[in-house]
Amino acid sequence: MASDRGGGKIRLGILGASANPFAWASAAHIPALKSLPEYELVAVASRNQENADAAAAKHGIPRAYGDYHEMLAQPDLDMIVVSTSSAHHHEFVMPAIAAGKHVFCEWPFGTSMVQAIEMRDAAKTKGVRSLIGLQNRCAPIVAYIRDLIAQGYVGTLWSVNFDRANDQTARMSVSQAYVDFLEHANAGLRIMGGHALDTLAAYVGEFADLQAYMEIGMKEIRIDTGEVVPMTHRDHILVQGRLESGAVASIVMKQNSPTYKPFHLEISGSGGALIITTEGDLDPSERHPGVPNDYLIYGTPKLGAPFEPLTIPAEYKTVPRDTPDTQPLNVAQMYQAFAQALFDDRPGPLDFDHGVLRHEQLATIERAAASGERQRLGG
């Protein structure tokens, strides 16, 4: 293992990359990993040899495997990146753990709490490191805003208002396969909600209790064949509650309805306020839960004073300067933090325990919506 080689490079195999430059693994993971001196991307696996060869040629990866288990058997690989749809997370993560590899799993970390717990427990039993794809909490903007709050910029935290939307489905021509993915993944809560709620927790902390509504807004959609097909996952979610700090919070998450600002967060306190927002309309490709990165920040450190624009200091970007400031940025910051923890032999960020924590929160939201009653978190 890399951790046993005196700080040598972490040698990676990736599953889920393809020759399609718009696939998430291709657009985010591969550029991120290639920008980091701590990693060496040496192998790619796919469902068949032709696809694996195409991905390897596209991204300059030395070895290609049409059999995932053949890649796992390679003794010189330290870590496996599983960047597939959630339906296959458990299927691919468990044998990687059994092979003694450190493992990254894309969010939403399986299809159920049961799968998430099984993957977490297996990694602990085997003694391998784990990493979950909630990379937004590693973003430079999150560290900067968190420091401002800790330094007293807003005073005592009073309230949080958060609107998050991902309206790709409402704006793009989609296939039946993509609709099936949204339905199977329960995308409104588990993908949109998981990313949004984890990002919010990184800024202001976890909920102590909450109540929720979950509704189906888009009940049908016309797909690229012209056929109209049903949509049944709950794509409009309202969560309100009290944070562990005592502040109150209100969150609206919209998976499918058209929106102008896909991200808008207001953090208010006894001494001031912060606003993190996007500048109006964005291209559909920038509405993925893992982006956008072009945020605007406004703040006032005094009640009643005008808001002024704030700029993230350069030191909050800790990855190499040539790491793209788009989809790969937060992913690279996540991988960098993982490598530093591995080399220092200390607990790392965003392990599978964290993935289970987020699953527990989503399950609590479902219970709150189903019962119409406030639910407590954290025992």
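The values are calculated or read from the model by the stated rules, or taken from the named source; none is laboratory data. Computed from a prediction, not measured in an experiment: that's the story for all the values here. Here the Cβ is made from the backbone with ideal geometry for all residues, glycine too, and neighbour counts use every protein chain on show. The area values use the complete protein model at the heavy-atom level, side chains included, leaving out ligands, DNA and RNA. Shrake-Rupley method; radii C 1.70, N 1.55, O 1.52, S 1.80 Å.
Here is how the numbers come out for the structure above:
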{"quantity": "Subset of region 262-295 that is hydroxyl-bearing (Ser, Thr, Tyr) and open to solvent by less than 30 Å² (accessible area, probe 1.4 Å) - its residue that is modelled with the lowest pLDDT", "calculated": "Thr278"}
{"quantity": "Scope region 119-132; condition outside any helix (DSSP H, G or I) and either buried (at least 20 other Cβ atoms within 10 Å of the Cβ) or in contact with a Gly (Cβ under 6 Å, 6 or more places away or on another chain) (or both); matching residues", "calculated": "Val128, Arg129, Ser130, Leu131, Ile132"}
{"quantity": "Test: residue in region 5-16 that is buried (at least 18 other Cβ atoms within 10 Å of the Cβ) and not in a strand (DSSP E or B)", "calculated": "yes"}
{"quantity": "Region 133-168: number of residues that are open to solvent by less than 40 Å² (accessible area, probe 1.4 Å), touching a Lys or Arg at 6+ places or on another chain (Cβ under 8 Å) and of a type outside the set (Gly, Ala, Ser)", "calculated": "6"}
{"quantity": "Matching residues, region 340-379, being touching a helix residue (DSSP H, G or I) at 6+ places or on another chain (Cβ under 7 Å) and among the small types (Gly, Ala, Ser)", "calculated": "Gly348, Gly355, Ala363"}
{"quantity": "Candidate set: region 81-118, residues that are over 17 Å from the mean Cα position of the chain (by Cα) and among the charged types (D, E, K, R); chosen: the one surrounded by the most Cβ atoms within 10 Å (Cβ to Cβ)", "calculated": "Lys101"}
{"quantity": "Checklist (1) open to solvent by 10 Å² or more (accessible area, probe 1.4 Å); (2) within 29 Å of Arg358 (Cα to Cα); (3) in a helix (DSSP H, G or I); (4) at pLDDT 95 or above applied to Glu70, failing item", "calculated": "(2)"}
{"quantity": "Residues (crowded, with 18+ Cβ neighbours inside 10 Å and among the hydroxyl-bearing types (Ser, Thr, Tyr)) located in region 173-211", "calculated": "Thr199, Tyr203"}
